[in-house]
Amino acid sequence: MEKRLDKHKFENLDKESLVDWLKERDHDLIQLLHQKAYEVKVANIGNKVFLRGLIELSNKCVKNCLYCGIRCANTSVDRYELTDEQVFEAADFALYSRYGSLVLQAGERVDSAFRKRVTSLVKEIKRRTDNRLGITLSLGEQPEEVYREWFDAGAHRYLLRIESSNPDIYSKIHPNDSLHSFDTRLNSLEALKRIGYQTGTGVMIGLPGQTEENLADDLLFFKSFGVHMVGMGPYLKHSDTPLGQISSGTSSMEMPLKMISLLRLLMPKINIASTTALQVIDPFGREMGIMAGANIIMPNMTISEVRTNYQIYENKPGVKDDATVSKSKLEQNLSSKGIEIGWDEWGDSRAFKEKHEVNL
Ligand code: SAH
Ligand code: SF4
């Protein structure tokens, strides 16, 4: 065991040892892996958890990803778009809740009205909060000039999951057309990095046909791409989707938690999110993710009136709660586990900061 966790091998875990770990069944060994990952996190970036208040701006989407509950072909979804006022109220909530930063997420749209709206929302949030909130965007694939416009408006982090780094798996979980191309996804990630965003990506764990070898390749992809942030979560079923009809989704915490720990060992200084999807499998899923090496949580701040309409998967937790209830539940859960929160901090990726300083 100690040999497998040899300190000098942490950052050079090769594919074979990653696969071994992902196949490991011994409970005690797996616990030790999580402990090691936690120690590596504390030694490299400290023990604080940073919060990003999540605003689900709209569930309108032009895409048809085969796994997602708000795909455009799902006609049973009530489509909504938050008003500017609702977005600003949520931003104010993040500010006085001392979250430090927020995420604007939505289904994908590439029309110019959407582009302009996001630009003005980002500028206005920056202005009214006096640049005190960091802004992360998660708005899908966009032309490079759009990414640049939003960056210039003040967004400085972007989340775009590769979903699976294996092009064959990617093509099996998306429609076979030019709107859902693996190459475009990858090019978009490269554009984000080029522009200067702290770039985040991630995968779903437990996809039909996905093997431990594929997951090990996903981890190695994050490393070779040099991402600054990762958000991975279990693939979860949504019955109104083609994938949900043939697969029941992930029901165990084991693989997602191992993925978090192995990634922390591979990339000690990046930001790793403990995703809401973990909470579907276990009510304390997000706290378990933190104990396994993650350092970011994204509490939902979307107003309760529309939360039920943003169901990318079934059994999404807290859809009946409002932002205040989500906040107090999260704080209770974190403090019951003795987890410290980085209030009022942007919580930028240490990996990004150090790279940036070297480049200056
Ligand atoms: N439209 C944007 C952002 C919203 S979707 C985008 O696609 O990037 C955000 C993430 O939700 C996706 O990247 C995907 O990984 C995740 N997701 C969608 N459906 C899911 C499901 N059934 N189970 C788990 N995660 C899912
Ligand atoms: Fe749209 Fe994102 Fe869902 Fe794909 S995953 S259908 S792009 S919201």
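The values are calculated or read from the model by the stated rules, or taken from the named source; none is laboratory data. On a predicted model such as this, the values are computed, not experimentally measured, just so you know. Because the Cβ atoms are built from the backbone with ideal geometry, glycine has one as well, and the counts that use them run over all protein chains shown. We work out accessible area using only protein heavy atoms, side chains counted, and drop any ligands, DNA or RNA first. Shrake-Rupley method; radii C 1.70, N 1.55, O 1.52, S 1.80 Å.
Determine if segment 196-206 includes at least one residue that is part of a helix (DSSP H, G or I), modelled with pLDDT of 95 or more and buried (at least 23 other Cβ atoms within 10 Å of the Cβ). Checking segment 196-206: not a single residue is part of a helix (DSSP H, G or I), modelled with pLDDT of 95 or more and buried (at least 23 other Cβ atoms within 10 Å of the Cβ). Within segment 141-157, residues that are closer than 10 Å to I195 by Cβ and open to solvent by 50 Å² or more (accessible area, probe 1.4 Å) reach partners that are in a helix (DSSP H, G or I) and among the small types (G, A, S) with beta carbons closer than 7 Å, at six or more positions or on different chains, in the pairs E144/A191.
For segment 182-194, indicate whether the set of residues that are within 15 Å of ligand 2 (Cβ to nearest atom), over 16 Å from the mean Cα position of the chain (by Cα), under 23 Å from L137 (Cβ atoms) and open to solvent by 40 Å² or more (accessible area, probe 1.4 Å) is non-empty. Yes; the residues of segment 182-194 include at least one that is within 15 Å of ligand 2 (Cβ to nearest atom), over 16 Å from the mean Cα position of the chain (by Cα), under 23 Å from L137 (Cβ atoms) and open to solvent by 40 Å² or more (accessible area, probe 1.4 Å). Does segment 254-268 contain any residue that is more than 24 Å from N44 (Cβ to Cβ), open to solvent by 20 Å² or more (accessible area, probe 1.4 Å) and away from ligand 1 (no atom under 14 Å from the Cβ)? Among the residues of segment 254-268, at least one is more than 24 Å from N44 (Cβ to Cβ), open to solvent by 20 Å² or more (accessible area, probe 1.4 Å) and away from ligand 1 (no atom under 14 Å from the Cβ), which makes the answer yes.
Taking segment 74-115 as the search range and keeping residues that are under 18 Å from N64 (Cα atoms) and among the acidic types (D, E), which one is nearest to ligand 2 (Cβ to nearest atom)? Steps first, answer last, please.
Restricting attention to segment 74-115, the residues satisfying the condition of being under 18 Å from N64 (Cα atoms) are 74-80, 105-111.
Right, trim to among the acidic types (D, E) and you get 78, 108, 111.
Values: D78: 15, E108: 4, D111: 14 Å.
Once the filter is applied, the top-ranked residue is E108.
Every residue in segment 324-360 that is in contact with a Pro (Cβ under 8 Å, 6 or more places away or on another chain) and either modelled with pLDDT under 80 or of a type in the set (A, V, I, L, M, F, W, C) (or both), please. Residue satisfying the conditions is L330 alone. Quickly run through segment 125-154 and pick out the residues that are within 14 Å of ligand 1 (Cβ to nearest atom), assigned to a loop (DSSP other than H, G, I, E, B) and closer than 19 Å to D84 by Cα. Passing the criteria: only L139.
Just one of (1) in contact with a Phe, Trp or Tyr (Cβ under 8 Å, 6 or more places away or on another chain); (2) of a type in the set (G, A, S); (3) under 30 Å from D217 (Cβ atoms) fails for S181. It is (1).
Just one residue in the set L160, L133, L137, L54 is farther than 21 Å from L236 by Cα and either in contact with a Cys (Cβ under 9 Å, 6 or more places away or on another chain) or in contact (Cβ under 8 Å) with a residue 40 or more places away in the chain (or both); that residue is L133.
Go through segment 264-329 and tell me which helices (runs of 4 or more DSSP H), entirely inside it, have 1 or more residues that are more than 30 Å from N64 (Cβ to Cβ). It would help to see each step written out before you state the result.
Numbers: elements: 276-281, 285-291, 304-307.
Output list reads 285-291.
Yes or no: segment 241-253 includes at least one residue that is within 14 Å of ligand 2 (Cβ to nearest atom), more than 17 Å from the chain's Cα centre (by Cα) and outside any helix (DSSP H, G or I). Break it down into steps so the answer makes sense when it comes.
Here is the first cut: in segment 241-253, the residues within 14 Å of ligand 2 (Cβ to nearest atom) are 241-244.
Adding the requirement that they be more than 17 Å from the chain's Cα centre (by Cα) leaves 241-244.
Applying the additional criterion that residues be outside any helix (DSSP H, G or I) yields 241.
Looking through segment 241-253, at least one residue is within 14 Å of ligand 2 (Cβ to nearest atom), more than 17 Å from the chain's Cα centre (by Cα) and outside any helix (DSSP H, G or I).
For segment 24-70: of the residues being hydrophobic (A, V, I, L, M, F, W, C) and loosely packed, with under 15 Cβ neighbours inside 10 Å, which is farthest from ligand 1 (Cβ to nearest atom)? Among those that are hydrophobic (A, V, I, L, M, F, W, C) and loosely packed, with under 15 Cβ neighbours inside 10 Å, it is A43. One residue stands out in segment 105-118 among those that are crowded, with 18+ Cβ neighbours inside 10 Å and aliphatic (A, V, I, L, M): the one that is farthest from ligand 1 (Cβ to nearest atom), namely V118. Annotation: of all residues in segment 79-104 being part of a loop (DSSP other than H, G, I, E, B) and of a type in the set (S, T, N, Q), the one that is least open to solvent (accessible area, probe 1.4 Å) is S97.
So R350 fits all but one of (1) over 19 Å from D218 (Cβ atoms); (2) open to solvent by less than 20 Å² (accessible area, probe 1.4 Å); what number is the exception? Evaluating R350 over (1) over 19 Å from D218 (Cβ atoms); (2) open to solvent by less than 20 Å² (accessible area, probe 1.4 Å) leaves (2) as the failure. Considering segment 319-360, and only residues there that are β-branched (V, I, T) and over 19 Å from the mean Cα position of the chain (by Cα), the residue that is farthest from T276 (Cα to Cα) turns out to be V358.
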